[in-house]
Protein chains: 2
Amino acid sequence: MDHAPDNSLVLKRMGIDTHQEPIVYMQADCHVCRSEGFSAQSRVRVTTDRASIIATLNVVRDGFLELVEAGLSEAAWRLLDAAPGQQATFSHPRTVESLGSVRAKIFGHAFHESELLVILQDMAAGRYADIDLSAFLTACAAGGMSLDEIVWLTRGMVQVGERLTWNHALVADKHCVGGLPGNRTTPIVVSIVAAAGVCIPKTSSRAITSPAGTADAMETLAPVDLDLVSMRRVVEREGGCVVWGGAIRLSPVDDVLIRVERALDLDSDAQLVASVLSKKVAAGSTHVVIDIPVGPTAKVRTADAGGALARLLERVGREVGLIVRPIVTDGSQPVGRGIGPALEARDVVAVTRGDRDAPGDLRDRAVMLAGEILELAGACATGEGNASARAILEDGRAWRKLQAICEAQGGMRTPPASSQRFEMTASGNGVIAGIDSRRLARAAKLAGAPADVAAGIDLHVRLGTRVDAGQPLFTLHAESPGELAYAREYLTEHPDIIVVRAAP
Amino acid sequence: MDHAPDNSLVLKRMGIDTHQEPIVYMQADCHVCRSEGFSAQSRVRVTTDRASIIATLNVVRDGFLELVEAGLSEAAWRLLDAAPGQQATFSHPRTVESLGSVRAKIFGHAFHESELLVILQDMAAGRYADIDLSAFLTACAAGGMSLDEIVWLTRGMVQVGERLTWNHALVADKHCVGGLPGNRTTPIVVSIVAAAGVCIPKTSSRAITSPAGTADAMETLAPVDLDLVSMRRVVEREGGCVVWGGAIRLSPVDDVLIRVERALDLDSDAQLVASVLSKKVAAGSTHVVIDIPVGPTAKVRTADAGGALARLLERVGREVGLIVRPIVTDGSQPVGRGIGPALEARDVVAVTRGDRDAPGDLRDRAVMLAGEILELAGACATGEGNASARAILEDGRAWRKLQAICEAQGGMRTPPASSQRFEMTASGNGVIAGIDSRRLARAAKLAGAPADVAAGIDLHVRLGTRVDAGQPLFTLHAESPGELAYAREYLTEHPDIIVVRAAP
């Protein structure tokens, strides 16, 4: 449909940050609103000579804009790559036909392969409003996804983004399905595996519903927002890296979906498998070890659920050309001591450097996972992975490799410390009989993690530890008094996050 | 949790219309953002000495606000009933615990009665973001709702709003489940029933996914945004009214949900039954006739589905204390001629006034429904409802009642005419063999209905009409050239909306 050339306005940067949602601001009585019939919350197509996006309209009464101007939020400005004074034309977006497939899914129809691809293309192009993304995720979680649907979702997510290739026949990778606070093995595993000469170009995500993702924690040690050229340089030089995947548009729809999943606090197996494996395929990986922690308050709660997820990862992996080795691990309590980006990074450094007081459970898990990769990659004989990985950690090769990777990524940093702290102590003598990982994670988030990188929880006890009344159980860290108070309020409401059973 | 008194800012009305979503604007480096750790899209509690709401934060860089000011969108300003220069305090909203029940529903758990009530209370208080409302609606549609859940949803929706009482033991009501364009019987039925001396205080809704709701059409004849006191005055004087239910906060959550349902283009039986019956209970109705049009392109497509919906309405009605008589009717084509608020109101006037060229199908449906109500209410003998209603229409009592009701509601108006028109003609000779009600409705919406009240479609043929090439099939009406063009583009893409079968 052709629009008269006068359907145009001059773009103005409003300086309003609406996070990822693009907003356009216009006066109600400007000629575009009048001729197109736009009103508040209309979805509007904005087109410049360089780009075209769909944005949501906020109608401005007066004062902010001239009648010939249209304002853009920061996200809209960025997506359009706009320049001050630039002209744009405004029109009705075409009907997003693929929303019909989402509605069919809601009412119990399975997706076809081509439907899923169009949905993902529409999402990547910003044609789905937040409520549409929410409906898609909810429909997939509620209706369930068949193996075919998950495979198509995974392939589609790869197809709408960049795809990396490497000059290695074998490219290793690891992943943890998460849900276990403090389980920050990745930088340690990458250091060991790369030191052993196996290529491991690791792209990681930021937190979805947890207080820290690997990218969040790693960012307190080195830059992680590397573009593809920079990432290649690091991998060529050091054989490995730990960077944020989002900066190189691997499976970009995953990032769109993750933002809404995070706000909804919603995870499902299908989205999880497609999210994880699409990133792996797009990153050019061939051999992938996946850590699935199982525990009563971990993301995966039972051995059965862990086994089912493991089988799903293996099967979908095979369909999309990956060799996947899922490993169900103990998830009965947090790993290491820190929960939150900087606190977890501190533990990573302690383990990799071989500090005497480094958390042993984090070290043992990292060594086990690195050993599995070394065996899967044929870098050592079957059964010798663990010993091989441990030797690389103990003789300092892993620590030298971590430092070298951080330097190559832009320079090693020291994780920042928090300004606000509160120590939670035991109310009586006894033995630690339970640690609620979910509520600890929730408290760490209320304290500001992952956005406030120094915020979180430093855990001083483990299951079975004997404590006396008044002995510190954990320390709450925050960067603002309001968030410290908010997290403390939550702890007061949930006094049984750490269960101390009276000693006999 | 107590907040220091300095967690306050001065409120400023931004004059930005974001429809129903409350937005608060602050500078990133104001003392509230810094101490509370707020960033773009944070959910923020705003509290004045009069009210408290949850709003979404947009961060403003500079220019718009002083550091001691917080801006409010129009919706936020309205919800807070704010005054310029007023102080407000800002804090983290408490965790919305009821979202846990929504997540449980997504994963297949049924709601308990108390969970649904808390969810509805949270929605009424504005604690659900749009993506949360979308997840709730999608989860209910996808997982299905048991009879118990629908009853609890209905009761809960009544409980969180106003509830009317009348000085009549018998209060009649009617409803159409919609989906059939042009089926605007309500003002005619109300006029007949009220003229027969049966109390019928009708509250109607605006369009959900259709080009016009009864309130939208009636508004072109008289004001419908009446408060409770005004509505009572009309009903006491005339025995009936046709007003918008939203203005008197009957089942206010229904309006919240309808806004998102409309954006998602999503209807489900459970939401439909709860929506309809909660409004009826809240309106103080006792005897309700419900029109369920069934046709291949109506909302209800098969007689089986119509029967299932009828049984559900009856059963849930009984549980919530209503006598419900559902009537499955022919929905194979639009009713009357007009589709869109003003065009439908024109047909209503023609039928009620007894114009010779008034659409006979609209008249017959209205008479049948009014007759059912008269029988249900005991205002005539069983089997005589139809004749009784027809007499009231034919002798002019219904027309005098409609005029009196319009005057009592604030003055009768003439529906406006459109400024932009396009005539769709038959491409060949033949007989009308199919009319796609859904796509006609879609075209009417693309032309601007219901927001542009004069927009829509005027249908000149019915199933079985003989047409010659070049003869007008329907006229498209719009209020802006952009929307006319947009609707025409849709018609071009879907040339088979009206099927002309070549005459033998």
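The values are calculated or read from the model by the stated rules, or taken from the named source; none is laboratory data. This is a predicted model, so every value here is computed, not measured. Virtual Cβ from ideal backbone geometry, glycine too; neighbours counted across all protein chains shown. These accessible areas exclude ligands, DNA and RNA; they are computed on the full protein's heavy atoms, side chains included. Shrake-Rupley method; radii C 1.70, N 1.55, O 1.52, S 1.80 Å.
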Positive dipole terminus of chain A, leading residue within A:37, A:26, A:151 (C-beta point charges):
A:151
Most positive-pole-ward Cα, B:275, B:295, B:264, against dipole of region B:232-297 from beta carbon charges:
B:275
Expressed as a percent, the accessible surface of the protein assembly as shown that is carbon or sulfur, using a 1.4 Å probe and the full set of protein chains, is 48
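Within 10 Å of each Cβ in A:54-62, how many Cβ atoms from other chains are there, averaged over the peptide?
4
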GluC sites (Glu not before Pro) within region B:186-250: which are DSSP loop residues with at most 12 other Cβ atoms inside 10 Å?
none
For chain A, the longest principal axis of the Cα atoms and the Cα long axis of helix A:269-282 enclose an angle in degrees, to the nearest 10, of 90
Once amide H atoms are built 1.01 Å from N in the peptide plane, which residues 5 or more positions from residue A:327, or in another chain, come under 5 Å H to H?
A:290, A:291, A:292
For region B:277-413, Rg(Cα) over 2.2 N^0.38 Å is 1.13
For the protein assembly as shown, what is the percent of antiparallel DSSP beta bridges, rounded to the nearest 5?
55
Working from Cα positions, state the angle (0 to 90°, nearest 10) between the long axis of helix A:113-124 and the longest principal axis of chain A.
80
Report the one residue of B:169, B:379, B:211 whose Cα lies farthest in the direction of the positive end of the charge dipole of chain B (charges on C-beta: Lys and Arg +1, Asp and Glu -1; origin at the Cα centre).
B:379
Additional length obtainable on full extension of the chain from residue A:494 to residue A:62, 0.36 nm per residue less Cα span:
150.7 nm
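Apply 1/(1 + (r/R0)^6) to the Cβ-Cβ distance of residue B:304 and residue B:95, taking R0 = 35 Å, and write down the FRET efficiency to the nearest 0.05.
For residue B:304 and residue B:95, the calculated efficiency is 0.20.
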Using 0.36 nm per residue of separation minus the Cα-Cα distance, give me the extension gain between residue A:262 and residue A:433 in nm, one decimal.
58.5 nm
Report, for chain B, the % of DSSP beta bridges that are antiparallel, rounded to 5.
50
Distribution of pairwise C-alpha distances over chain B, 10 Å bins, in %
4, 18, 26, 25, 17, 8, 2, 0, 0
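Can you give the average number of partner chain beta-carbon atoms within 10 Å of each beta-carbon in peptide B:29-39, as a whole number?
That works out to 4 on average.
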Convex hull projection area averaged over all views, region A:360-479, Cα basis, nm²
10.3
Express the relative contact order of chain B as a whole percentage, based on alpha carbon pairs under 8 Å and six or more residues apart in sequence.
14
Quick check on chain B: helices-only [θ] at 222 nm, where DSSP H runs of length 4 and up contribute -39,500 (n - 2.57) each and the sum goes over total residues. Nearest 500, please.
-12500 deg cm²/dmol
In square angstrom to the nearest 100, the accessible surface buried at the B/A interface, both sides summed with a 1.4 Å probe, amounts to 4800
Where the centre of each part is set by its Cα atoms, how far does region B:41-60 sit from region B:415-463, in angstrom?
44
Between the helical axis of A:360-376 and the dominant principal axis of chain A, each derived from Cα atoms, what acute angle in degrees is found, rounded to the nearest 10?
70
Largest to smallest principal axis extent of the C-alpha atoms in region B:209-360, angstrom:
37, 36, 31
Which trypsin sites (Lys or Arg not before Pro) does region A:40-96 hold that lie in a coil by DSSP with at most 14 other beta carbons within 10 Å?
A:50, A:94
Region A:106-187: Cα Rg divided by the 2.2 N^0.38 Å rule of thumb:
1.37
So what is Rg over Rh here for the protein assembly as shown, counting just Cα atoms and using Kirkwood for Rh?
1.01
